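The values are calculated or read from the model by the stated rules, or taken from the named source; none is laboratory data. This structure is a prediction, so every number in the text was calculated from the model and none was measured. Cβ sites come from the backbone with ideal geometry, for glycine too, and all protein chains shown count toward neighbours. For the accessible areas, the whole protein counts, side chains as well, though only heavy atoms, and no ligand, DNA or RNA atoms are used. Shrake-Rupley method; radii C 1.70, N 1.55, O 1.52, S 1.80 Å.
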Number of protein chains: 2
Amino acid sequence: MKRVGFIGLGLMGGPMAANIARAGYPLTVYNRTASKTEPLRELGARVAASPKEAAEYSDVVVTMLSEGRAVEQVVFAQDGLLAGARAGLVIIDMSTIAPDETRSIAARLSPHQVKMLDAPVMGSTGPAAAGTLGIMVGGEEEVFQAQRDLLGVMGKDLYYLGSQGSGAQMKLSMNLLVAAQLASLCEAMVMASKAGLDLAQAGQIIASSGIASNLISRKVANIVKQDYTPAFALKHIHKDLGLIVRTAESVGAAIPVTSLIHQLYTAAREQGHGEEDSAALFYLLAEMAGLKL
Amino acid sequence: MKRVGFIGLGLMGGPMAANIARAGYPLTVYNRTASKTEPLRELGARVAASPKEAAEYSDVVVTMLSEGRAVEQVVFAQDGLLAGARAGLVIIDMSTIAPDETRSIAARLSPHQVKMLDAPVMGSTGPAAAGTLGIMVGGEEEVFQAQRDLLGVMGKDLYYLGSQGSGAQMKLSMNLLVAAQLASLCEAMVMASKAGLDLAQAGQIIASSGIASNLISRKVANIVKQDYTPAFALKHIHKDLGLIVRTAESVGAAIPVTSLIHQLYTAAREQGHGEEDSAALFYLLAEMAGLKL
């Protein structure tokens, strides 16, 4: 069985790595904050002292990190993956980063015979724990085919989209839609509230209608209860919106609506809501409408 | 059994009136274009020569028209409903009009002891034919309760929201969400296409994800096939966006995202896409991105 490394044991990476361990793959993990490796050690994983060491023990390494710069660092730092890699190593980056970032990293790895897939995910912590994520993959198709078994342990729906960066691109298109559903839900709820409607009733009607997605149903509940415990932190959707706007510019697509939503999220973050759930954009719009909460 | 009048036998009103006839209510219909009354006549409905005549034969009259001005005309014209109404007549307006418009009409009817409900619907022609619309009702609660039987023939979910205009307000909040899902879907698909992704595959991934609503799944198909046969014409969502922006202004809610979407729809209409489906906003964004279709 192929030996697997896993870098980045956060809210998503932790349960994803656990599924790999439970599936019986020899697993070596690394995390900057060492305490998060404990649950994996209990599942039988080796704990490495650096990404380099994780690479030395692995045929394939999965990375699940917060942003492109972090991936670059993990790969190219002195004690990074490349320093411990031999020819034929595969890196599967499942972080949400920009298509040009993943292409740049893959290009720098190529002379070393290290292959890379960009494989960002759909779904939050629930599907990560259940192994039912959607996984959108870019890179060489034969590399993808050779990793289907491992990806299948983390995800239910595996989509191969094409060359390096295609998975990242698809993920950004998805998150554009996430942000738009959130922003429009906040506008609709603020308008309804200002007009004197009951927020709980308005939320119930929205959630039972033909425009309700799973996302909307969950976020309606956040707004009705004014409970912004983060499932997907506002600072993260803000970061993704920055990548989306930059990427749209680089491929030559004007996305005026998303661009405005990005700016609203910038404002919400600057108001101090970055660590709350992404639905906390409601605060900004409520304040702009003079709503007393 | 109460005698029912029905004014406005369009794509929505036609099947809604048919359900009333099939439920056994004595029905009198009126439509400006007389040919559309034929299917109702075949179901046993009386065909009136004017709204006035329809009111004379009815205890309750349903109106399903294109806009507020049309409702005002049908009610207050010389041969309008009021001219044929006696005290106690109930008018249920199921058109999508602004809250201030329905309040104004109700206020003018009040001295004549004619009651009004605003009762716009969720759902398009399919649910209209099946009698499974969602119906959002504003007006006096006892008037609503007395009309539950009739509303239940047209809709599955009946929501009483409060005073006159509350149903209209809720409907506008819903359509704000509809417009945002459409506009963001167009931006996501244009960006994906410019980046070289396959539109059919991107659409399939979107439609099977946690951000998919029934609406999004249907509209993805429109865009992938580039088939904009109207289920909900672009000129209608544009009209509704105008009402939404004006109503938000009057209740003191800033809705910057929706306001921008309204302007994009204005541009799409001016490019000649008004009679196509509302998803034809894709043309505008594709053109802005220099996409060859």
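Structure data summary
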item	result
Condition broken by A:ALA129, with the remaining ones in (1) open to solvent by 40 Å² or more (accessible area, probe 1.4 Å); (2) closer than 30 Å to A:PRO256 by Cβ; (3) more than 10 Å from every other protein chain (Cβ to nearest Cβ); (4) not acidic (Asp, Glu) satisfied	(2)
Within the range B:247-277, considering residues that are within 22 Å of B:GLU287 (Cβ to Cβ) and over 21 Å from the mean Cα position of the chain (by Cα), the one least open to solvent (accessible area, probe 1.4 Å)	B:VAL257
Filter result for A:ASP149 (of a type in the set (Asp, Glu), closer than 16 Å to A:ASN19 by Cα and open to solvent by 30 Å² or more (accessible area, probe 1.4 Å))	yes
Criterion: crowded, with 22+ Cβ neighbours inside 10 Å and more than 7 Å from every other protein chain (Cβ to nearest Cβ) - qualifying residue of B:MET170, B:MET189	B:MET189
Qualifying residues in the range A:278-293 (those that are open to solvent by 50 Å² or more (accessible area, probe 1.4 Å) and more than 7 Å from chain B (Cβ to nearest Cβ)) - the one nearest to A:GLN169 (Cα to Cα)	A:TYR283
Residue within the range B:136-145 that is touching a residue at least 12 places away in the same chain (Cβ under 8 Å) and within 15 Å of B:MET64 (Cα to Cα) present	yes
Residue count for the range A:196-231, restricted to those that are open to solvent by 40 Å² or more (accessible area, probe 1.4 Å), within 11 Å of chain B (Cβ to nearest Cβ) and farther than 17 Å from B:LEU158 by Cβ	4
Filtered residue count, the range B:2-27, keeping only those that are open to solvent by 10 Å² or more (accessible area, probe 1.4 Å) and at positive phi	1
Some residue of the range B:98-106 being within 17 Å of B:MET64 (Cα to Cα), open to solvent by 10 Å² or more (accessible area, probe 1.4 Å) and of a type in the set (Asp, Glu)	yes
Some residue of the range A:115-122 being more than 14 Å from chain B (Cβ to nearest Cβ), open to solvent by 10 Å² or more (accessible area, probe 1.4 Å) and over 19 Å from A:MET16 (Cα atoms)	yes
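To keep it simple, each residue is scored yes or no on (1) crowded, with 21+ Cβ neighbours inside 10 Å; (2) among the acidic types (Asp, Glu); (3) under 22 Å from B:SER104 (Cβ atoms).
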{"site": "B:VAL29", "(1), (2), (3)": "yes, no, no"}
{"site": "B:GLU38", "(1), (2), (3)": "no, yes, no"}
{"site": "B:TYR57", "(1), (2), (3)": "no, no, no"}
{"site": "B:LEU65", "(1), (2), (3)": "yes, no, yes"}
